[in-house]
1. Could you list, in sequence order, all residues of segment 71-93 that are open to solvent by 80 Å² or more (accessible area, probe 1.4 Å) and closer than 22 Å to residue 9 by Cβ?
2. Which condition does residue 28 not pass, out of (1) within 28 Å of residue 78 (Cα to Cα); (2) open to solvent by 50 Å² or more (accessible area, probe 1.4 Å), if it passes all the others?
3. It is to be established whether one or more residues within segment 55-66 are polar (S, T, N, Q), out of contact with any Cys (no Cβ under 6 Å at 6 or more places or on another chain) and part of a helix (DSSP H, G or I).
4. Specify the residue that is farthest from residue 125 (Cα to Cα); the eligible residues are those in segment 5-25 that are open to solvent by less than 40 Å² (accessible area, probe 1.4 Å) and either of a type in the set (Ser, Thr, Tyr) or assigned to a loop (DSSP other than H, G, I, E, B) (or both).
5. Cβ contacts < 6 Å: first residue in contact (Cβ under 8 Å) with a residue 12 or more places away in the chain and in a loop (DSSP other than H, G, I, E, B), restricted to segment 93-121; second residue open to solvent by 50 Å² or more (accessible area, probe 1.4 Å) and of a type outside the set (A, V, I, L, M, F, W, C), any location; separation 6+ or different chain. Result?
6. Filter segment 38-70 for residues that are surrounded by 15 or more Cβ atoms within 10 Å (Cβ to Cβ) and among the polar types (S, T, N, Q); which is farthest from residue 7 (Cα to Cα)?
Amino acid sequence: MPTRSQLADFTRGIVGRFISRNNDIGGLWGIGVLVEAIHEAGETEALYDLASSAEPWVRDQADWLRARVSVERIPEAWIESCILHVSVTRDVIPPAGSHTHEAWEAGTSISEVVVRATIIDDREREWSASDTAWCWDASVHELQSTYRRADSGWLSRVFAAIKAASPPL
């Protein structure tokens, strides 16, 4: 039997999907695309309504939520709204030992991103989850795929061989 407390699980799922390094927008690191868009707009935060936004990546999140609601047999009427809040602090020092810290040490500007998803149910109760990630703007996406390829390991050697065989730009 479905319960409204499952809405909290949905917010955790939305946040997790959003900050995942596997989330891409147009082939680029999704969170980096959004951070760069927020920065270019001269803002430090953005709100996205999963129910009404026309942006494709937001529709993907909304489609995921609708599918989960259907699978769990949650009445859609229980969900009044679902808002994604993205807050960005630019030029921070990321946690030591992370891939973003290594990129920061190499001179890449890193942003701290706090993502919060909030579902308001039909009883006006808020269900929310948040998480923090560190990333760089999507325009420096190449760093993500080429950084530290000199490290040992067969995959690193494959990438090094491809890079050596590629003509310079």
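The values are calculated or read from the model by the stated rules, or taken from the named source; none is laboratory data. Just so you know, these numbers come straight off a predicted model, no measurement behind them. Please note: Cβ atoms are built from the backbone with ideal geometry, for glycine as well, and neighbour counts cover all protein chains shown. Surface areas here come from the heavy atoms of the whole protein model, side chains and all, with no ligands, DNA or RNA. Shrake-Rupley method; radii C 1.70, N 1.55, O 1.52, S 1.80 Å.
1. Within segment 71-93, the first condition is being open to solvent by 80 Å² or more (accessible area, probe 1.4 Å), and the residues that meet it are 71, 73, 76, 80, 91, 93.
Within segment 71-93, 71, 73, 76, 80 qualify.
2. (1)
3. Our first condition is that a residue be polar (S, T, N, Q); within segment 55-66, this holds for 61.
Now narrow it down to the ones that are out of contact with any Cys (no Cβ under 6 Å at 6 or more places or on another chain): 61.
The next check asks that each one be part of a helix (DSSP H, G or I); those that pass are 61.
There is at least one residue in segment 55-66 that is polar (S, T, N, Q), out of contact with any Cys (no Cβ under 6 Å at 6 or more places or on another chain) and part of a helix (DSSP H, G or I).
4. Just the residues of segment 5-25 that are open to solvent by less than 40 Å² (accessible area, probe 1.4 Å), to begin with: 6-8, 10-11, 13-16, 18-20, 23, 25.
Filter again for either of a type in the set (Ser, Thr, Tyr) or assigned to a loop (DSSP other than H, G, I, E, B) (or both), leaving 11, 20, 23.
Working: 11: 13, 20: 27, 23: 29 Å.
So the residue we want is 23.
5. Once the first residue is in contact (Cβ under 8 Å) with a residue 12 or more places away in the chain and in a loop (DSSP other than H, G, I, E, B) and sits in segment 93-121, its partners that are open to solvent by 50 Å² or more (accessible area, probe 1.4 Å) and of a type outside the set (A, V, I, L, M, F, W, C) give 109/91.
6. Of everything passing the filter in segment 38-70, 53 is farthest from residue 7 (Cα to Cα).
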